[in-house]
Structures are given as C-alpha cells and as structure tokens.
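Student: Below are the structure tokens for one structure; questions will follow.
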Amino acid sequence: MNCRKTIAIVVLFLFLSSSNIAQTSQVSKVVYVDTLFENASPLWYEVDTTGTLQIYLTYDHERDSPNRAAGHIHFCVHGEADKSLRIEFNNLDNVWNGVPGSVAKELLSVVISEDGKVWRSVSLSPTSDGRVFGEFLLKSDKLFVARVEPYRLSDLDRMLNRLRVHPAVSIDVIGQTVEGRSLEIIRLGNEKARDQVFLRARAHPWEAGGNWVVDGVIDRMLRNDKDVARWRENLCIHILPMANKDGVARGRTRFNSMGKDLNRNWDKPANPELAPENAALEKWIDQQIAKGQAPSIALELHNDGNGKLHISRPLEGDTTNYLERMELLESLLRRHTWFSEGATKSNFRNPGSLGEGWMERFNIDAIVHEFNCNVIASTGQRPLAIHWKEYGSQLPIVFEEYFKLRNH
C-alpha cells in the first residue's frame, strides 16, 4: 500500500471516529426513570449498548379471560439537559375480546413536558419488529412522557372541591370502587327536566381524554349567560367523571382491581364483588328509572387511535328509530364541534359494552364515543387537554338541538 493511500485511510478513520464521538457525546445519559408519582405507569426499563432507553410496559389482565392490555404511558426520565435521547416502547402486543392485536398500530404519538404541567405532542415511528420509538431532546434534566395529557385523581378532587360550593351543582356519592374510593355523580341542570343526559368517563384508566371533555362540559355549564340559563332549565346532565379510580391511581391500562373491564358485561346484572363500580351505577340507573328521570341518551367517553362513534346494532329488536336518532346526533356533532371521524360500520356490534347493554336492558340510547389520541381529523391538530375541553364546552348546544329535533 503506497504512502498516500495509507494517509488517506488514517485520515478517514480519524474523521469517522471523531464524528461518532461527537454524535455519541450528544446522547443524554439516562440517570433514572421515575415512576414513583401519581398515575405513573408500571414498567421496567434498561439502557442498551447504543444508549437507547428501552421501556417495557407491564400488562394488566382480565379475569378469566385471555385479554391483556398495556398502553398506559406516564413516566419521568432523569438525564442530561440539551442532549437527545431515543426511547423505544416494548410489550405492545395486547389481546382484545380474545383477539390478538398490537398497540403499535395506534401508538403514533406521545406528549412530553419538562414540568408535568405544560405538555406538547411529538410523533413516534414504528420499528420492523412491532415496537415504536421516538427521538427526544431533553431541554432540562427531566422529561415527563405520557400517552395523553394526564388527568389524575388529584385533578378530579380539585374539580369536585370547586363544585361542592357551587349552588348550581349537585354531587351524589353512589358507591365505592373495589379499593374503597368513592364514586360520584355530578348533576348539572334541572333534576326534573324532560331531557336527561348521562356521561361516563375513564372506564379504561389510560383514556384521560374523556375526563378533559367532562371538564369542558362542566366549565361551560357554570358560566353565567343566557344560553346556560336556558340549558340549566331544560336539560339535566348527569356525569360519572371517573369510573375506574383504582386503575387511574395505579397507572393501569384497562381493567379494575378485580381484573374486570368496566365497559363489558352490561348485558347482564353487574357482579357487586368483581365490579362494584358497575353495580353502583346500575343501582343508580334503576333509581332514575323508578323516578321517571332515566337518561334519554348516554355517552361513554373513551380514547383510541380512530375517534369514531361506536353505534352497536344488536341482533334482536328493531333499531331503525335508534339509528335515525344516532344519525341526528352525529350530524349535530359535526355541526357544532370539531368531530368528523364518523360512525362505525353498519354491521358493528360490541356485545356487553355500555353502549349496547344499556340499549337492550334499560331502553336508553347509548353509544361509545372514542376520541383519537393522535390527531383531530378535521383540523390536523394533535389533541391536548385544551382541545378536548373545547369539545366538551360545545356539547350542551348539541344536546339542546338534539332533543329539540328529536322531540318534534
């Protein structure tokens, strides 16, 4: 080998080595991953040889079922400021209604924050082997990472404390969770109004968007203007703001503390030992029916990666009028909110869900309303709490027009 070629090779080697060193020096060293705070994910982690932080989510399992779920993400990385970090998410293979699937198909983004208060959304990308990853710049020595903008028990408690002193609000404790946490129904409006609405959020613990929607409804109904005065007179809105408090407290993904899915088994009476949350709600429904104040429509609020209205079509009974009413509701949501994703296909069924169970057992128009946790289809925005609260603030006018058109 001649001298010039030898020198060139040495120079190239030194250049590449120095480039790699410079690149490596920009990667943040992971000091610790903290999950010892409210609503944090149960997980384990390791840093691989490339400096990538490997996050392994922990599954929660359904009782007497193959179903499992891992999708709740909420942790804090302690590292070096002004350096980048690659995070990969593992254990994404879930089982839903007995059918294997993967959260990777829907895990397209997360939200991040330096202080756990102000959040912004960032994209994730799939790997070739069923995981997803993101590239993050640590602006400080801490970075909070979450699937959706968190809404914790403490957030709910602050809201309830604020509402307890408001003359236009009534709060009733209807029962307790498996672990003894109270379950509240918030009532806004005229208890004896003809038009009654029911909203339930957080049956699945990771799906915090429903809580933010509920906050938006409540904030709008507490303003002092002509619209609110009319709504309070003509509507009664009942809200169960956090159905699965135990799951939220423990950072679970889907099931309650006895391994039950609170959006299943509504086709039969609830087991008070395994699902006291549903048993308490069922008792409340029976009481409302006995008083002639049953909800005319019920919305079960959830998050997923599609954002559709889940309108069930039971095999028995004539659902023609129900489907017409749901078409009316969908058209009003499109008119007054940013909703645009549409409804499920004409053959969709979800037996045992609140949407289908309440129709069959209590003759209540009920649907499961999903909110896409990655993007708002009509605007292209990545959803944060402010967007879901805006949606909730627009629901009272939707309900008013729905009943006006339905009743006439």
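The values are calculated or read from the model by the stated rules, or taken from the named source; none is laboratory data. In this text, all values refer to a predicted model and were calculated from it rather than measured experimentally. Please note: Cβ atoms are built from the backbone with ideal geometry, for glycine as well, and neighbour counts cover all protein chains shown.
Student: Cβ-Cβ distance below 8 Å, separation of 6 or more or different chains: which pairs start in the stretch 361-390 with a residue that is outside the structural domain of R120 (by TED's automatic domain parsing) and among the polar types (S, T, N, Q) and end on one that is crowded, with 18+ Cβ neighbours inside 10 Å and assigned to a strand (DSSP E or B)?
Tutor: Every condition considered, the pairs that remain are N372/N303; N372/D304; N374/S109.
Student: Any residue at all in the stretch 177-185 that is farther than 30 Å from N374 by Cα, touching a residue at least 60 places away in the same chain (Cβ under 8 Å), of a type in the set (K, R) and in contact with a helix residue (DSSP H, G or I) (Cβ under 7 Å, 6 or more places away or on another chain)?
Tutor: Yes, the stretch 177-185 contains at least one residue that is farther than 30 Å from N374 by Cα, touching a residue at least 60 places away in the same chain (Cβ under 8 Å), of a type in the set (K, R) and in contact with a helix residue (DSSP H, G or I) (Cβ under 7 Å, 6 or more places away or on another chain).
Student: Could you check, for the stretch 64-78, whether at least one of its residues is crowded, with 16+ Cβ neighbours inside 10 Å, more than 23 Å from V31 (Cα to Cα) and free of Cβ contacts under 8 Å to residues at least 60 places away in the same chain?
Tutor: yes
Student: Quick one: T253 ticks every box in (1) closer than 11 Å to V178 by Cα; (2) not in a helix (DSSP H, G or I) except a single one, so which number is it?
Tutor: (1)
Matching residues to (1) in a loop (DSSP other than H, G, I, E, B); (2) modelled with pLDDT of 95 or more; (3) not assigned by TED's automatic domain parsing to the domain that holds G130; (4) not polar (S, T, N, Q):
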site	(1), (2), (3), (4)
T6	no, no, yes, no
V11	no, no, yes, yes
S19	no, no, yes, no
E38	yes, yes, no, yes
R63	yes, yes, no, yes
C76	no, yes, no, yes
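Student: Does at least one position in the stretch 331-347 carry a residue that is in contact with a strand residue (DSSP E or B) (Cβ under 6 Å, 6 or more places away or on another chain) and among the small types (G, A, S)?
Tutor: Scanning the stretch 331-347 turns up at least one residue that is in contact with a strand residue (DSSP E or B) (Cβ under 6 Å, 6 or more places away or on another chain) and among the small types (G, A, S).
Student: Any chance you could count how many residues in the stretch 243-297 are touching a Pro at 6+ places or on another chain (Cβ under 8 Å), within 21 Å of F198 (Cα to Cα) and among the charged types (D, E, K, R)?
Tutor: Counting residues in the stretch 243-297 that are touching a Pro at 6+ places or on another chain (Cβ under 8 Å), within 21 Å of F198 (Cα to Cα) and among the charged types (D, E, K, R) gives 2.
Student: Please work out if R86 is within 18 Å of R147 (Cα to Cα) and over 21 Å from the mean Cα position of the chain (by Cα).
Tutor: Judged against the criteria, R86 is a match.
Student: Within the stretch 78-108, work out how many residues are assigned to a strand (DSSP E or B) and of a type outside the set (S, T, N, Q).
Tutor: Looking only at that region, the number is 13.
Student: Looking at P295, P241 in this structure, which one is under 30 Å from V110 (Cα atoms), under 24 Å from the mean Cα position of the chain (by Cα) and surrounded by 18 or more Cβ atoms within 10 Å (Cβ to Cβ)?
Tutor: Just a single option satisfies the conditions, and that option is P241.
Student: Out of K260, K226, report the one residue that is touching a residue at least 24 places away in the same chain (Cβ under 8 Å) and basic (K, R).
Tutor: Every option except K260 fails the conditions.
Student: If you don't mind, another one. Name, by its number, the condition in (1) under 30 Å from K404 (Cα atoms); (2) in a loop (DSSP other than H, G, I, E, B); (3) free of Cβ contacts under 8 Å to residues at least 24 places away in the same chain that does not hold for P269.
Tutor: (1)
Student: Residues that are within 29 Å of Q381 (Cβ to Cβ) and in contact with a strand residue (DSSP E or B) (Cβ under 8 Å, 6 or more places away or on another chain): does the stretch 56-66 have at least one?
Tutor: Yes, there is a match, as at least one residue in the stretch 56-66 is within 29 Å of Q381 (Cβ to Cβ) and in contact with a strand residue (DSSP E or B) (Cβ under 8 Å, 6 or more places away or on another chain).
Student: Report the residue count in the stretch 350-368 for those that are among the charged types (D, E, K, R), within 20 Å of L328 (Cα to Cα) and surrounded by fewer than 23 Cβ atoms within 10 Å (Cβ to Cβ).
Tutor: 1
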